[in-house]
1. Does segment 92-112 hold any residues that are among the β-branched types (Val, Ile, Thr) and without any contact (Cβ under 8 Å) to a residue 24 or more places away in the chain, and which are they?
2. Within segment 81-91, is there a residue that is small (Gly, Ala, Ser), assigned by TED's automatic domain parsing to the domain that holds residue 157 and without any contact (Cβ under 8 Å) to a residue 24 or more places away in the chain?
3. Please enumerate the residues belonging to segment 79-111 that are among the small types (Gly, Ala, Ser) and under 12 Å from the mean Cα position of the chain (by Cα).
4. Show the residue pairs that are 6+ apart or on different chains and have beta-carbon atoms under 6 Å apart, the first residue being within segment 46-60 and touching a residue at least 40 places away in the same chain (Cβ under 8 Å), the second being surrounded by 17 or more Cβ atoms within 10 Å (Cβ to Cβ).
5. Just checking, which of 114, 132, 119 is part of a strand (DSSP E or B), of a type in the set (Gly, Ala, Ser) and under 12 Å from the mean Cα position of the chain (by Cα)?
Amino acid sequence: MKFLFPFAFILMLMSYFLIDTDRDYKKDLSVKAHSYIEGLRIVNKKNGVDSFVIDAKRADFTRDETIARMESVTVNIIKEGIVLNADKGTYNTSTRDIELNNNIKIHIKDSVISANSLSWNSSTGDLKTDGSIRVEGSRFRVEGDGFSATEDQKVKLMKNVKATFF
């Protein structure tokens with residue numbers, strides 16, 4: 001009987017902490033919860049026709065679901081025949097603008113553009129970066145800092161431009 005009271009007291013004390021801890025844990029989970037999608041595909045249509053398609057291995061969404069932070073991103077701009085690949089990217093679901101980062105490769109016909117950062121305005125179709133960029137084709141290579149390209153295919157390298165023709 002002497003041992004029963006301390007044992008019951010310890011058991012009651014442990015159950016109180018377990019129940020209380022569980023309640024705090026559930027509260028904490030509700031604060032940190034967010035949405036994510038593995039195998040994300042976003043298809044944007046313009047006049048009933050696919051305009052561009054975004055594929056990502058994984059996308060984590062902000063609480064209000066306006067921003068998707070993506071991994072292993074591919075953007076296919078169908079009409080222009082342009083395919084962009086990047087390790088990471090951010091997609092704004094409201095504006096449909098895209099920011100790409102890390103190991104970016106843009107495939108346009110017979111050319112490949114390489115960069116570390118790039119932003120694309122979906123409403124104007126403009127691509128731009130302030131960082132270094134390299135454009136390689138079968139018979140040329142152009143490098144520079146800063147780049148912009150418009151939907152009507154006007155391309156500008158801003159500074160420190162170096163061109164090599166083969």
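The values are calculated or read from the model by the stated rules, or taken from the named source; none is laboratory data. Because the structure is a prediction, the values reported are computed rather than measured. Every residue, glycine among them, receives a Cβ derived from its backbone with ideal geometry; neighbour counts consider all protein chains shown.
1. Step one: list which residues in segment 92-112 are among the β-branched types (Val, Ile, Thr), which gives 93, 95, 98, 104, 106, 108, 112.
104, the sole residue that qualifies.
2. Start the filter on segment 81-91 by keeping residues that are small (Gly, Ala, Ser), which leaves 81, 86, 89.
From what's left, assigned by TED's automatic domain parsing to the domain that holds residue 157: 81, 86, 89.
Then keep just the ones that are without any contact (Cβ under 8 Å) to a residue 24 or more places away in the chain; that gives none.
Within segment 81-91, not a single residue is small (Gly, Ala, Ser), assigned by TED's automatic domain parsing to the domain that holds residue 157 and without any contact (Cβ under 8 Å) to a residue 24 or more places away in the chain.
3. Just the residues of segment 79-111 that are among the small types (Gly, Ala, Ser), to begin with: 81, 86, 89, 94, 111.
Result: 86, 89.
4. Here the result reads 52/77; 54/42; 54/75, each pair linking segment 46-60 to a residue that is surrounded by 17 or more Cβ atoms within 10 Å (Cβ to Cβ).
5. Working: 114 fails: under 12 Å from the mean Cα position of the chain (by Cα); 132 fails: under 12 Å from the mean Cα position of the chain (by Cα).
119 is the lone residue from the list that is part of a strand (DSSP E or B), of a type in the set (Gly, Ala, Ser) and under 12 Å from the mean Cα position of the chain (by Cα).
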